[in-house]
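The values are calculated or read from the model by the stated rules, or taken from the named source; none is laboratory data. Nothing here was measured: the structure is a model prediction, and the numbers come from that model. Cβ atoms come from the backbone with ideal geometry, glycine included; neighbour counts cover every protein chain shown.
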Amino acid sequence: MRIAVLGAGAWGTALAIHAGQGHAVTLWARDAAQAQAMQRDRVNARYLPDQRFSAGVQVQSGALSPDLLTQDLIVLGVPMRALRETLIALTQLGLTEAVPVAWLCKGFEASPEGVGRMPHEVQAEVAPQLQAGALSGPSFAQEVARAQPTALVAASAHARVRERLVQA
């Protein structure tokens with residue numbers, strides 16, 4: 001599979017390392033200097049300094065590319081506060097239900113009204129056309145990156161999203 005992971009924090013990096021063992025993974029970092037260092041050194045020194053990237057992981061930064069529209073799975077490893085803008089950017093790029101999307105973030109979106117929205121509510125509001133879901137613990141990023149025994153839950157109303165997450 002071709003997998004894009006948007007967000008090079010601990011969770012995004014851990015999922016890229018795991019999926020990169022058997023798939024072609026593009027890890028998108030917000031910071032260009034960090035992306036260059038990760039691509040060159042084959043490690044995310046900031047979050048998982050003892051876990052090297054396999055040859056299957058490539059690191060990029062900058063504006064989202066139309067190449068995302070050809071991926072088999074897009075994983076959003078962005079914080080909850082960035083989920084809305086990321087989903088809007090993907091929609092503006094032309095992303096449709098053809099590419100399954102899953103987020104790693106938890107919690108609520110901050111709201112001036114004081115009523116925060118959960119990730120699935122944000123997705124339904126700004127990108128209802130997407131087949132989306134969530135990937136969550138109980139686990140830690142380090143456990144996933146190190147391929148230690150752990151558990152993850154893939155949740156979605158769409159079987160294809162769940163299946164792609166399990167395959168990744």
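Odds and ends about this structure:
- The selection criterion, being closer than 19 Å to Leu104 by Cα, surrounded by fewer than 16 Cβ atoms within 10 Å (Cβ to Cβ) and of a type outside the set (S, T, N, Q), holds for Arg30.
- So Leu76, is it of a type outside the set (Phe, Trp, Tyr), under 18 Å from Gln123 (Cα atoms), in contact (Cβ under 8 Å) with a residue 40 or more places away in the chain and surrounded by fewer than 23 Cβ atoms within 10 Å (Cβ to Cβ): no
- Options Val59, Val99, Val126; residue that is closer than 22 Å to His23 by Cβ, in contact (Cβ under 8 Å) with a residue 40 or more places away in the chain and either surrounded by 14 or more Cβ atoms within 10 Å (Cβ to Cβ) or in contact with a His (Cβ under 7 Å, 6 or more places away or on another chain) (or both): Val59
- Some residue of the range 147-163 being within 24 Å of Ala35 (Cβ to Cβ), aliphatic (A, V, I, L, M) and within 14 Å of the chain's Cα centre (by Cα): no
- Check on Arg52, modelled with pLDDT under 95, basic (Lys, Arg) and surrounded by fewer than 17 Cβ atoms within 10 Å (Cβ to Cβ): no
- Within the range 12-27, if we keep just the residues that are hydrophobic (A, V, I, L, M, F, W, C) and under 20 Å from Glu163 (Cα atoms), the residue that is surrounded by the fewest Cβ atoms within 10 Å (Cβ to Cβ) turns out to be Ala24.
- Meets criteria (surrounded by 16 or more Cβ atoms within 10 Å (Cβ to Cβ), among the hydrophobic types (A, V, I, L, M, F, W, C) and touching a residue at least 40 places away in the same chain (Cβ under 8 Å)) for Leu104: yes
- Boolean, Ala102 is at pLDDT 95 or above and within 25 Å of Phe53 (Cα to Cα): yes
- Inter-residue pairs, beta-carbon under 6 Å, first within 12 Å of Ala16 (Cα to Cα) and in the range 30-52, second modelled with pLDDT under 95, 6+ apart: Leu48/Ala145; Gln51/Ala145
- Scanning the range 155-168 for residues that are surrounded by 17 or more Cβ atoms within 10 Å (Cβ to Cβ) and either assigned to a helix (DSSP H, G or I) or at pLDDT 95 or above (or both) yields Ser156, Val161, Arg162, Arg164, Leu165.
- Candidate set: the range 17-51, residues that are more than 18 Å from the chain's Cα centre (by Cα) and of a type in the set (Lys, Arg); chosen: the one farthest from Arg2 (Cα to Cα): Arg40
- Applying the criterion of being of a type in the set (D, E, K, R) and part of a loop (DSSP other than H, G, I, E, B) to the residues of the range 113-154, the residue that is farthest from Ala102 (Cα to Cα) is Glu113.
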